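The structure under discussion appears below in the form of structure tokens.
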Amino acid sequence: MRHRIAVIGAGPAGLTFACVLRRHGHPVTILERDPAPDARPPGGTLDLHERMGQLALGKAGLLAEFQALSRPEGQAMRILDTDGTVLRDWQPRPGDQANPEIDRGQLRDLLLGPLDVQWGRGVTEVVPGARDGVLVRFADGRQETFDLVIGADGAWSRVRPAISSATPHYTGITSVETSLDDVDTRHPDLARLVGDGSMAVYGVNRALVAQRNSGGHVKVYAQFRAPLDWHTGLDRRADMDAGMDAGLDLADVEAARSSLLALFDGWAAPVLDLLRHSTAFVHRPLYVLPVSHTWAHVPGVTLLGDAAHLMPPLGVGANLAMLEGAELAESVAAAPGPGDLDEAVRAFEEQMWTRAGRWAEITMAGLERLVSPDPTEALALFDEVQPS
Ligand SMILES: Cc1cc2nc3c(=O)[nH]c(=O)nc-3n(C[C@H](O)[C@H](O)[C@H](O)COP(=O)(O)OP(=O)(O)OC[C@H]3O[C@@H](n4cnc5c(N)ncnc54)[C@H](O)[C@@H]3O)c2cc1C
């Protein structure tokens, strides 16, 4: 018996789910709000862990292609003091495939492969318990019915309200993202400073993290404790109401640059050059869902990834999203009848909640230590996670 299954969102969670389900010979409808795969910048680099993201790619039959694309050398991690002193300089051993990096755009294209995504299909509402299944309403006024609707639509999920009243809350820590292109030729000193992987500097309630992507592109994240409206003119509410999750543009580039340079005043000049030479600035306040977010099971609807458990960006969210996508697809593929399908989803949710709750606690505690009044906490955390 063929179930009518829809996954909302073509991010890491939704695409991995669809890839694995398709590999098991089951059709799935993929509905994505963006009008095209490259409608907005894909974002930075992701490290995929052997037992999470890579395991999921294995289940999708894509591990070898991932290994050909990914950057094991990108696991390198350097920590500097605010005066520029190198405190740690960790390099992966040859052949280390524990957490290689891949550009988010490359991962998306890899997963998209032969999948047939319906682009430009923003969901506005999901109504369980309709006469013929679960009703999905779209921004263009159309509606469709499915047996199972999977909300893989990220932090500001439109599926989540059908099963949970939880909404993300601001952590008190914000992030401004900026980037530099072609660093090896245009900014060789900064290329050396960042190295093959990531470089981080931790100060009092502030952190500056730079990550090398492929093609000489470097993303820089300035993180600090601040009220949500630290920069005048920001109106996150309007952004949320419009259903956007891409962060806010700090439109006046030079004003944004000066604000950041003032916030990081006194830090070593080579470190601040990352801000001086970068291009546009995008405000990405860090929101999270409650640490142990669960819900009373609703037949026909479930959530995956950030929609289920948005947590601080400490290298786990995409990994969990992909592993969950793969696991749910395997469970669904193994469920022959409607009753089995619901049981499979219910069992999956229990497993997801336990694991995600643990990671939410770890990443929340980690964020508190990385952007902390006591910068030695960040170094101590690094030594715990990455012993030399
Ligand atoms: C700066 C930063 C760095 C990070 N680094 C890492 C890392 O190194 N490793 C890691 O594991 N994680 C990392 N993360 C976390 C990771 O990005 C997320 O956890 C991951 O993207 C979640 O995947 P997802 O598929 O659940 O959601 P998303 O990636 O948010 O995808 C959701 C998709 O749903 C679509 N959508 C949204 N609303 C609708 C709608 N109404 N209708 C239809 N479609 C909709 C969106 O357009 C999007 O395509 C990082 C996050 C940030 C912010």
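The values are calculated or read from the model by the stated rules, or taken from the named source; none is laboratory data. Bear in mind that the values here come from a model prediction, so they are computed numbers and not experimental data. As a convention, Cβ positions derive from the backbone with ideal geometry for all residues, glycine included, and neighbour counts pool all protein chains shown. The area values use the complete protein model at the heavy-atom level, side chains included, leaving out ligands, DNA and RNA. Shrake-Rupley method; radii C 1.70, N 1.55, O 1.52, S 1.80 Å.
General remarks:
- Extension gain from L115 to R51, taking 0.36 nm per residue of separation minus the Cα-Cα distance: 20.6 nm
- Of all DSSP-defined beta bridges confined to the chain, some 75% are antiparallel rather than parallel.
- Lys, Arg +1 and Asp, Glu -1 on Cβ, resulting dipole of the chain about Cα centre, debye, nearest 20: 500
- Between the helical axis of 338-370 and the longest alpha-carbon principal axis of the chain there is an angle of about 10 degrees.
- Modelled FRET efficiency - R0 35 Å, S292 with E254, Cβ distances, 0.05 increments: 0.20
- Accessible surface calculations at 1.4 Å, restricted to protein heavy atoms, place region 148-212 at 34 Å² per residue.
- Note on T376 and R137: the model spin-label points, each 7 Å out from Cα along the C-beta direction, lie 5.7 nm apart.
- If you run the Gaussian network model on the chain, springs between alpha carbon atoms under 10 Å, then out of A152, A139, A226 the most flexible one is A139.
- Spin-label model distance (nm) - A365 vs H26, 7 Å beyond Cα toward Cβ: 3.6
- Straightening the chain between E384 and A68 buys 110.7 nm, computed as 0.36 nm per residue apart minus the Cα-Cα spacing.
- Solvent-accessible area of W230 with every protein chain in place, 1.4 Å probe, in Å² to the nearest 10: 60
- Sorted largest first, extent of region 261-388 alpha carbons per principal axis (Å): 64, 33, 27
- Mean shadow area of region 86-134, taken as a quarter of the surface of its Cα convex hull (nm²): 8.5
- Cα gyration tensor shape of region 2-66, rounded if a/c is under 1.5, else prolate or oblate by comparing a/b with b/c: oblate
- Pairwise Cα distances in the chain exceed 35 Å in 25 percent of cases.
- Rolling a 1.4 Å probe over the protein heavy atoms of region 1-149, with every protein chain left in place, gives an accessible area that is 48 percent carbon and sulfur.
- Cα-based equivalent ellipsoid, region 258-304: semi-axes from gyration tensor eigenvalues, Å: 43, 13, 8
- Seen against the Cα atoms of the chain and their longest principal axis, helix 253-263 is set at about 70 degrees.
- Seen from all directions on average, region 42-124 presents a Cα convex hull projection of 8.4 nm².
- Each Cα pair of region 328-374 feeds into the Kirkwood radius, which the Stokes-Einstein equation turns, at 37 °C and 0.692 mPa s, into a diffusion coefficient of 258 µm²/s.
- Equivalent ellipsoid semi-axes, region 286-359, via Cα gyration tensor eigenvalues times 5, rooted, Å: 23, 13, 9
- Ignoring the sites themselves, the chain has its longest run without trypsin sites (Lys or Arg not before Pro) in a DSSP loop having at most 10 other Cβ atoms within 10 Å at 143-388.
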